[in-house]
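Inspection log for the structure reproduced underneath, given as structure tokens.
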Number of protein chains: 2
Amino acid sequence: MKKPSIIEHCPEGFYSYHTSCGIKDESLDLGVIYSENPSTASALFTQNAFVGEPIKIGRNIIKNGSLQAIVVNSKNSNVATGLQGHENSLKICKKIASEMKINEDLVLPSSTGVIGRPLPVEKIINGLNNLKTKLVKPADFIGFATAIMTTDTFPKFVSAKLGNASIVGVAKGSGMIEPNMATMLAYFFTDAQINAHALHRILRACASKSFNCLSVDSDTSTSDTLAIMANGLAGEVNVVEFENTLEMLCTDLTKMIARDGEGATKLFTVDVINADIFDSARKIGKSIINSPLVKTMIYKGDPNWGRIYMAVGKTKNVHLDEPNMKIQWGKDRLLDSNSPISELHKYLTENEEIHLTVDLGTGTESCRVYGCDLTEEYVRINAYYTT
Amino acid sequence: MKKPSIIEHCPEGFYSYHTSCGIKDESLDLGVIYSENPSTASALFTQNAFVGEPIKIGRNIIKNGSLQAIVVNSKNSNVATGLQGHENSLKICKKIASEMKINEDLVLPSSTGVIGRPLPVEKIINGLNNLKTKLVKPADFIGFATAIMTTDTFPKFVSAKLGNASIVGVAKGSGMIEPNMATMLAYFFTDAQINAHALHRILRACASKSFNCLSVDSDTSTSDTLAIMANGLAGEVNVVEFENTLEMLCTDLTKMIARDGEGATKLFTVDVINADIFDSARKIGKSIINSPLVKTMIYKGDPNWGRIYMAVGKTKNVHLDEPNMKIQWGKDRLLDSNSPISELHKYLTENEEIHLTVDLGTGTESCRVYGCDLTEEYVRINAYYTT
């Protein structure tokens, strides 16, 4: 996994603004992306039964399949804040609508941060005063990616070219992450022209193979959001190519989020292959990457086969065939239980990206899942945190 | 939770032996409990799809509903050791049978420790030479409880009187523990007279309310065993009283195991009450006690309500009714979201036993689950461990 450094391909027609409006401290906490025209749009939200107020608003407005702006604050998630919280999120949308003279139904709000604290909405509203004059073009997607960070250690962004069009994706992690649809916050912006129905189908398909296969700590946030805006300025694109490109970008962001999981030192990728059904492959993969004993083993590289067997075996309601199962470590050169233990130890301790393949031998379905190691630092980040 | 110091009530007719036979080092690693007569018996084993060789043997012999001896070694689990491993466990049973001149089908074997290493069976066989002369009576249950420990920090035992009869229970934890039937290793010995059918029903019922409601780290061992031997020397007992007493003892051991979870500093008990069905209550309880973000919060006592909501909300396939749900901390004096945050912080930081009640308000079913906090020490124990 390579950390991003620049946005290579920037879509036309997007503006951005980011600032510190002082929600908690002096660091960046507010970001806006604005398209010069209403864009075809789609979004997916958390599967947690309890959701933040912005999610309730987002689920409603995305039904129109159209967005012109996305506004995100960090430091406060506006979750479990009741009617006042709902009003506050609406206020932010209305403010952007009134500043930009657009319909408020074209503004998607997101919030991330502490749960259960009133959102200091006036600070955000003040931060959005004279938005039109503050917006810059081309959009500073790196600035936006930085403004939405919480415990992330680096801003996450990707980009690709596709015919005349470009796609940019930005995301934040990095704890409370086992999305079950999207994950955390992730947004894509493109100047490709694509209809809302196709866009929604493609977004779902890409999420199921990328963000939905990710777990940092098995916890599902109440605020997860994945959204895409396609403003069409670059004209039509090949839909199949578009889907392939978007899937690649989703996967790249997924790997960045896993690698930057709270306290993580390693990216852990597991291929579960030859399962009887896809769902079994994904469940077994998730059982492995969520196992605290496997995650601590990845951390310091002890070649403990038993923990992998344990994590596969504890998965509920899947078909297993012990004699046919094969476990292999590595990517280019595969190590199995007949390989010298010293080689495996070397592989596990000397690499920052650890790859495991579990061949179930019961069918033809496969799933790749992404996780990270569990370290003392994860505990420190989350135990010594004060609300 | 009080740590045990002495066995107050000792059943008649049981002998014991424990030693260090040198499986790994000089510490105790082998224990035997022997009844002077064949005992009515029952046992429950792990729900992991992959099981140790002793489990395969145990599942078979327990069908007879009778045992005369239990033999346990620590330091090596005899899991993933193939046919040779199976032979090795059988050899140990045969050795005890031949030393004591009993049928080998009356000997239940257990092994706990590292997975995937050949069991040094000759050391164990040597350790069992002249067993008859080495057995002591009354049985030294504390010695036995000590010999079966792995990363446990104290031996776990309980006892109770019931009419003329006594019951002793011993157990070990303390990682790879989310049993789904029994947990880890736990054994009960009683001189009560009770038929095999009733004993099995009672053991299952007690396990479902105690060991099955326990999770240290969400990982399910391949060797979990819960067994009971009733040699009948004290005559018949009231079956209802017997069940109540056994349930109390199972719960006490469950709490000890949770409190002594790897690296744990706190016992965390969660009551999920007023659920529509029992299964939902247990699932939600387990989701809370297994959430890394809740567990780290319990560790340092940050009063973060949001993490509890998150853990309830992420539970799959349960009926939730947000407006009716109530969350309260504490046992004697209950703290809710209207209580001063300083009081809650004080409660969470100044107690070694933390109690949470989640009132779902959707029905009348309840479940109590047991867990512990997640600390840097858990990571250290499991990451720096060398197989």
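A few notes on this one:
- Being crowded, with 21+ Cβ neighbours inside 10 Å, more than 29 Å from B:Lys346 (Cβ to Cβ) and not basic (Lys, Arg) is a condition met by at least one residue of the stretch B:253-260.
- Which listed residue is away from chain B (no Cβ under 14 Å) and either in contact with a strand residue (DSSP E or B) (Cβ under 7 Å, 6 or more places away or on another chain) or within 14 Å of A:Ile96 (Cβ to Cβ) (or both), from A:Ser16, A:Ser77: A:Ser16
- From the list A:Ala230, A:Ala207, A:Ala275, the lone residue that is at pLDDT 90 or above, aliphatic (A, V, I, L, M) and not assigned by TED's automatic domain parsing to the domain that holds A:Ala69 is A:Ala275.
- Subset of the stretch A:236-290 [within 16 Å of A:Val312 (Cβ to Cβ), in a helix (DSSP H, G or I), in contact (Cβ under 8 Å) with a residue 60 or more places away in the chain and of a type in the set (S, T, N, Q)]: A:Ser280, A:Asn290
- Filter result for the condition that a residue is within 21 Å of the chain's Cα centre (by Cα), in the same structural domain as B:Gly361 (by TED's automatic domain parsing) and of a type outside the set (A, V, I, L, M), over B:Lys300, B:Lys283: B:Lys283
- In the stretch B:215-229, the residue that is farthest from B:Val79 (Cα to Cα) out of those that are in contact with a Phe, Trp or Tyr (Cβ under 8 Å, 6 or more places away or on another chain) and more than 7 Å from every other protein chain (Cβ to nearest Cβ) is B:Met229.
- Filtering the stretch A:203-214 to residues that are crowded, with 21+ Cβ neighbours inside 10 Å and more than 10 Å from the chain's Cα centre (by Cα) leaves A:Leu203, A:Cys206, A:Cys213.
- Elements of the type strands (runs of 3 or more DSSP E) sitting completely within the stretch A:104-213 and holding at least 3 residues that are of a type in the set (A, V, I, L, M, F, W, C): these cover A:156-162, A:165-172, A:185-193.
- Odd one out for A:Met310, checked against (1) of a type outside the set (Asp, Glu); (2) surrounded by fewer than 21 Cβ atoms within 10 Å (Cβ to Cβ); (3) more than 25 Å from the chain's Cα centre (by Cα): (2)
- When A:Leu67 is tested against (1) over 30 Å from A:Gly371 (Cβ atoms); (2) at pLDDT 95 or above; (3) aliphatic (A, V, I, L, M); (4) not in a strand (DSSP E or B), only condition (4) is not met.
- Restricting attention to the stretch A:277-323, the residues that are at the interface with chain B (Cβ under 9 Å from one of its Cβ atoms), among the polar types (S, T, N, Q) and farther than 27 Å from B:Thr296 by Cβ add up to 0.
- Screening A:Ser27, A:Ser35, A:Ser98 for residues that are within 25 Å of A:Lys123 (Cα to Cα), away from chain B (no Cβ under 14 Å), assigned to a loop (DSSP other than H, G, I, E, B) and polar (S, T, N, Q) leaves exactly one candidate, A:Ser27.
- The number of residues in the stretch A:182-202 being touching a Phe, Trp or Tyr at 6+ places or on another chain (Cβ under 9 Å), modelled with pLDDT of 85 or more, within 30 Å of A:Ile288 (Cβ to Cβ) and crowded, with 24+ Cβ neighbours inside 10 Å comes to 2.
- Count of the stretch A:298-332 residues, restricted to those that are assigned to a helix (DSSP H, G or I) and touching a residue at least 24 places away in the same chain (Cβ under 8 Å), is 8.
The values are calculated or read from the model by the stated rules, or taken from the named source; none is laboratory data. Since this is a predicted model, take the numbers as computed values, not measurements. Using ideal geometry, Cβ is built from the backbone for each residue, glycine included, and neighbour counts are taken over all protein chains shown.
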